[in-house]
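Visitor: Handing you this structure, nothing more for now.
The values are calculated or read from the model by the stated rules, or taken from the named source; none is laboratory data. For clarity, every value in this text was computed on a predicted model and none was experimentally measured. Cβ placement follows ideal geometry from the backbone for every residue including glycine, while neighbour counts extend to all protein chains displayed. These accessible areas exclude ligands, DNA and RNA; they are computed on the full protein's heavy atoms, side chains included. Shrake-Rupley method; radii C 1.70, N 1.55, O 1.52, S 1.80 Å.
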Amino acid sequence: MIKVDDAVKIFGNKKALNGISFCAEEGQIIGLLGTNGAGKSTMLKAIAGLVRLDHGKITIDDQSHSQTTRAMMTYLPDVDVWYPWMKLSDAIRYMKDIYWDWDDEKARHLLNFFELKEDWLIHQASRGTRAKMKLLLALSRQAKYLLLDEPFSGIDPFARQQIAQAIVEDFMEEGQTIIITTHEISEIDIMLDKILFLHDGNLLLSGNVETLKHERNKSLIDILKEVYDHARI
């Protein structure tokens, strides 16, 4: 379980996270939703151990951040992190050398599923193809926790559908816990167990997706729009 307790992060005079608390139970797919600047990426980086909180605590399976807890997680950033000269095969080799839980069989499956070639240069690929490459590199580990930051950003609907399918298949096969940030709510609505809706660093709404829909008799998008509009008044 990932437990976030009163998380605060300040950049300059802005509170990117303002006392956020929640739990990510094992075996859940959780949507970390909100507008640009809401604090989603900061929260995900804090969970991954890449951002140090100014106040509050994050524990992974009741442990504070350490080399052990980082090994439980795979983090897919919203920006490209690979060198321009790298082919996909180079990135795969790098991941295989670094992470003991790399799964060659899963990597081969995703290569075929996404119709990728190992000899393709990463920086020359289209945005949608790079998104698939990044997801292959993230999902080919057998990590307990997957942290996915905007995996659908700027790519076409067909590629988004492929990526959503790969995430769901991986989740169902491994029973992992996934926290995903995205603006493409319609793409992940049916796959989410729980949502956390952030605005200006504050947690405005959290809960089970189907329960929220049933209680309010509205779609998830309409619920979030209503909460967002109310917060802006």
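Visitor: Out of all the residues in region 6-43, which are buried (at least 21 other Cβ atoms within 10 Å of the Cβ), among the charged types (D, E, K, R) and modelled with pLDDT under 95?
Guide: K40
Visitor: Under the condition of being among the aromatic types (F, W, Y) and either modelled with pLDDT of 90 or more or surrounded by fewer than 15 Cβ atoms within 10 Å (Cβ to Cβ) (or both), which residue from region 74-98 is farthest from the chain's Cα centre (by Cα)?
Guide: Across region 74-98, the extreme among qualifying residues is W85.
Visitor: Could you say whether any residue in region 159-176 is under 22 Å from A16 (Cα atoms) and either open to solvent by 10 Å² or more (accessible area, probe 1.4 Å) or out of contact with any Ser or Thr (no Cβ under 7 Å at 6 or more places or on another chain) (or both)?
Guide: Within region 159-176, none of the residues are under 22 Å from A16 (Cα atoms) and either open to solvent by 10 Å² or more (accessible area, probe 1.4 Å) or out of contact with any Ser or Thr (no Cβ under 7 Å at 6 or more places or on another chain) (or both).
Visitor: Among the residues in region 212-226, are any small (G, A, S) and at positive phi?
Guide: no
Visitor: Would you mind listing the helices (runs of 4 or more DSSP H) fully within region 65-147 where at least 3 residues are farther than 29 Å from M43 by Cβ?
Guide: Counting at least 3 such residues, we get 88-98, 104-113.
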